[in-house]
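Shown next, in structure tokens, is the structure this report addresses.
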Amino acid sequence: MSAPFFLGRVIDTIYTSASDTETMTASLTSLCIMLAGAFLCGGAANAARVYIMQASGQQIVRNLRTSLFSSILRQEVAFFDRNRTGELINRLSADTAVVGRSITDNLSDGLRAVAQAAAGVSMMFYVSPSLASFVLLIVPPMAALAVVYGRYLRAVSKRTQDALAQATQLAEERISNIRTVRAFGKELSEVDSYTRKADRVLSLAKQEAVMRAGFFGVTGLSGNLMILSVLYKGGLLMASQHMTVGELSSFLMYTFWVGISIAGLSSFYSELMKGFGAGARLWELLDRKPEFPLNEGHVLHPDQLKGQLQFCDVSFSYPARKEAAIFQELNLSVPAGSIMAVVGPSGSGKSSIVSLLLRLYDPDAGFITIDGHDIRDLNPYWLRSHIGTVSQEPVLFSCSIRENIAYGALDPDAVTSEDVYRAARVANAFDFIQAFPKGFDTVVGEKGVLLSGGQKQRIAIARALLKNPKILLLDEATSALDAENEFLVQEALERLMEGRTVMIIAHRLSTIKNADAVAVLDQRRVAECGPPTELLGNRQGQFRRLMEKQTFNRRHLNNSN
Ligand SMILES: Nc1ncnc2c1ncn2[C@@H]1O[C@H](COP(=O)(O)OP(=O)(O)OP(=O)(O)O)[C@@H](O)[C@H]1O
């Protein structure tokens with residue numbers, strides 16, 4: 001910052017003491033030493049600034065990402081019905097990156113530009129107040145232009161990030177379902193769809209580029225006008241002996257300096273506005289309070305938990321489709337330690353029963369109890385820790401089989417290899433896992449794609465066994481497994497069900513016949529409920545008719561009669 005000032009002094013020293021070589025050399029030497037010192041301090045300060053800003057900026061981005069991820073995972077399930085995965089991923093990666101860039105790369109350069117401009121302007125006033133006042137007349141119109149430009153850029157940036165989120169959503173969905181895309185031969189049309197989304201991003205980026213080009217053109221022009229006015233007005237002041245040649249040189253250098261700082265400031269301002277635009281959705285997500293808490297409420301002592309389930313006058317519709325009632329005053333009671341098979345036509349709400357018990361959604365009216373306690377009064381985290389689930393299409397994570405099984409435990413780190421092996425043995429999974437070259441360390445691929453349906457189910461059963469829940473919610477697979485797999489899965493399920501309260505969405509007559517009771521869902525309520533043999537005996541009953549309709553069970557039905 002002091003360089004132009006000293007340079008001005010050097011020029012004046014040479015100018016005024018040109019006749020006295022000795023004095024000139026001494027003054028020149030001391031001035032140059034001071035100048036070298038100033039350069040050294042400037043360099044060190046610059047390096048420190050870059051490091052501090054980069055490191056703290058990256059820390060901010062990391063904190064932003066982890067807070068956002070935590071906020072997303074805490075949201076209620078209905079939130080994920082409305083917000084698509086790809087869009088959320090985009091917020092987490094691209095939006096945080098833009099905000100991060102506006103902090104890391106930009107803020108340090110921006111602050112430097114602000115400091116340089118402020119110091120430059122002060123020095124201009126110090127060297128020549130009248131010339132400085134004249135030159136800086138250009139600032140107010142420039143500031144007004146910057147405000148208009150900033151608003152526009154913020155809006156465009158928000159739209160760009162939204163368009164990018166849509167493109168990411170499409171890419172994420174198609175890549176994760178590549179088998180379906182391939183089976184339908186839709187690669188080329190999917191590329192076209194993605195290109196259209198990418199074109200939308202491009203068109204917004206071009207709008208931004210036009211605005212940016214205009215703004216930078218105007219700021220560049222105004223910088224040059226400043227220099228021109230310094231030359232003109234400064235020349236006049238020098239001619240009238242109100243300024244020395246050294247002062248004019250210093251002033252000119254400060255003007256250059258301020259001009260460069262203003263260019264830096266424009267870029268800083270642009271990036272900052274982009275950051276604000278991209279950040280708008282981030283702040284919304286970060287501030288969003290989930291509709292129900294994750295870890296608040298009443299906790300029962302494990303010995304108190306018997307596992308009796310009751311649905312009392314439950315009415316329910318999904319938040320995303322409020323107009324379509326799924327249940328209306330549904331009543332159902334499952335005694336502790338019994339097996340209740342739930343059957344019903346497709347879409348009658350069998351899976352919705354499971355979602356309500358897990359408290360993924362709350363009923364609109366009525367209530368659900370466990371051992372007489374309304375589940376809304378219980379701590380959801382505690383509640384879910386006592387409920388095990390095995391779904392039709394069990395979801396495994398892209399890590400080792402060992403980690404997937406241990407995922408069921410409340411504290412996976414405390415699970416020993418022996419615990420995992422024991423669960424795998426009971427689930428009839430041990431032998432096939434051991435047959436893999438890497439055994440329990442085999443990585444199963446995204447969503448477990450490297451395993452067969454029966455293998456995935458047995459791993460999911462082992463995972464549920466490790467959880468050792470009091471209540472078990474099972475969704476029996478509709479797709480037929482081969483005879484051997486079928487037997488192994490069935491045997492594992494029977495072992496898993498022992499000593500627990502079980503609600504099973506049943507598709508096989510063998511499962512239904514082994515249940516203590518069957519609930520038939522139809523027309524938004526329980527149409528029939530009772531022991532399976534009793535219901536099967538009633539030829540006019542809903543259950544009997546449903547079983548007769550299900551062709552895949554007809555063979556069993558005939559055999560059973
Ligand atoms: N998240 C959701 N948002 C809105 N509607 C939903 C949602 N999940 C399910 N539904 C609707 O709720 C109804 C009941 O669905 P559910 O999955 O509980 O039926 P189901 O009896 O298990 O069907 P299936 O036997 O075919 O699996 C269906 O009409 C379905 O379209």
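The values are calculated or read from the model by the stated rules, or taken from the named source; none is laboratory data. Computed from a prediction, not measured in an experiment: that's the story for all the values here. Cβ: placed from backbone, ideal geometry, glycine included. Neighbour counts: every protein chain shown.
Any idea which of SER102, SER128 is in contact with a Leu (Cβ under 8 Å, 6 or more places away or on another chain), more than 24 Å from LEU252 (Cβ to Cβ) and hydroxyl-bearing (Ser, Thr, Tyr)?
Among SER102, SER128, only SER102 is in contact with a Leu (Cβ under 8 Å, 6 or more places away or on another chain), more than 24 Å from LEU252 (Cβ to Cβ) and hydroxyl-bearing (Ser, Thr, Tyr).
Could you say whether any residue in the range 364-374 is polar (S, T, N, Q), at pLDDT 95 or above and farther than 30 Å from LEU450 by Cβ?
Taking every residue of the range 364-374 in turn, at least one turns out to be polar (S, T, N, Q), at pLDDT 95 or above and farther than 30 Å from LEU450 by Cβ.
Return the total of residues in the range 355-373 being over 20 Å from ARG525 (Cβ atoms) and either more than 16 Å from the ligand (Cβ to nearest atom) or among the hydrophobic types (A, V, I, L, M, F, W, C) (or both).
6
Only one of ALA320, ALA324 is of a type in the set (A, V, I, L, M, F, W, C), free of Cβ contacts under 8 Å to residues at least 60 places away in the same chain and within 16 Å of the ligand (Cβ to nearest atom); which?
The conditions single out ALA324.
Which of the residues spanning the range 52-82 are modelled with pLDDT under 85 and either within 16 Å of the ligand (Cβ to nearest atom) or crowded, with 19+ Cβ neighbours inside 10 Å (or both)?
Matches in the range 52-82: MET53, GLY57.
Checking TYR381 against (1) under 25 Å from ASN295 (Cβ atoms); (2) within 16 Å of the ligand (Cβ to nearest atom); (3) of a type outside the set (D, E, K, R), only one condition comes out false. Which one?
(2)
Does any residue in the range 69-89 that is within 12 Å of PRO293 (Cα to Cα) come within less than 8 Å, Cβ to Cβ, of a residue that is among the small types (Gly, Ala, Ser) and away from the ligand (no atom under 14 Å from the Cβ) six or more places away or on a different chain, and which pairs are these?
none
Could you list, in sequence order, all residues of the range 357-388 that are assigned to a loop (DSSP other than H, G, I, E, B) and at negative phi?
So the first thing to find is which residues in the range 357-388 are assigned to a loop (DSSP other than H, G, I, E, B), and the list is 358-364, 371-372, 379, 386.
Correct list: LEU358, LEU360, TYR361, ASP362, PRO363, ASP364, ASN379, HIS386.
Considering only the range 458-475, I want to know if a residue exists there that is modelled with pLDDT under 85 and in a loop (DSSP other than H, G, I, E, B).
First, pick out the residues of the range 458-475 that are modelled with pLDDT under 85: none.
Scanning the range 458-475 turns up no residue that is modelled with pLDDT under 85 and in a loop (DSSP other than H, G, I, E, B).
Of all the residues that make up the range 335-354, how many are assigned to a loop (DSSP other than H, G, I, E, B), near the ligand (Cβ under 6 Å from one of its atoms) and in contact with a Leu (Cβ under 8 Å, 6 or more places away or on another chain)?
The number of residues fulfilling the criteria is 3.
Do we have HIS386 as touching a residue at least 12 places away in the same chain (Cβ under 8 Å), under 24 Å from GLU494 (Cβ atoms), in contact with a strand residue (DSSP E or B) (Cβ under 9 Å, 6 or more places away or on another chain) and not acidic (Asp, Glu) here?
Yes: the conditions hold for HIS386.
Do we find that THR16 is more than 16 Å from the ligand (Cβ to nearest atom), of a type in the set (Val, Ile, Thr) and farther than 30 Å from ILE175 by Cβ in this structure?
yes
Per-residue answers, yes or no, for (1) closer than 25 Å to ASN177 by Cα; (2) crowded, with 20+ Cβ neighbours inside 10 Å; (3) within 16 Å of the ligand (Cβ to nearest atom):
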residue	(1), (2), (3)
TYR421	no, no, no
GLN434	no, no, no
GLY439	no, no, no
ALA460	yes, yes, no
LEU466	no, yes, no
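Counting just the residues of the range 497-508 that are more than 16 Å from the ligand (Cβ to nearest atom) and under 25 Å from SER348 (Cβ atoms), which one comes out surrounded by the fewest Cβ atoms within 10 Å (Cβ to Cβ)?
Among those residues, the one meeting the criterion is MET497.
Could you tell me whether MET238 is surrounded by 12 or more Cβ atoms within 10 Å (Cβ to Cβ), part of a helix (DSSP H, G or I) and in contact (Cβ under 8 Å) with a residue 12 or more places away in the chain?
On the way: surrounded by 12 or more Cβ atoms within 10 Å (Cβ to Cβ): yes; part of a helix (DSSP H, G or I): yes; in contact (Cβ under 8 Å) with a residue 12 or more places away in the chain: no.
For MET238, the condition - surrounded by 12 or more Cβ atoms within 10 Å (Cβ to Cβ), part of a helix (DSSP H, G or I) and in contact (Cβ under 8 Å) with a residue 12 or more places away in the chain - is not met.
Find the residue count for the range 530-561, including only residues that are at pLDDT below 50 and either at positive phi or of a type in the set (Ser, Thr, Tyr) (or both).
The total comes to 2.
Residue under question is LEU204, and the condition is that it be surrounded by 12 or more Cβ atoms within 10 Å (Cβ to Cβ), within 23 Å of GLU271 (Cβ to Cβ) and at pLDDT below 90; does it hold?
Spelling it out, it is not the case that LEU204 is surrounded by 12 or more Cβ atoms within 10 Å (Cβ to Cβ), within 23 Å of GLU271 (Cβ to Cβ) and at pLDDT below 90.
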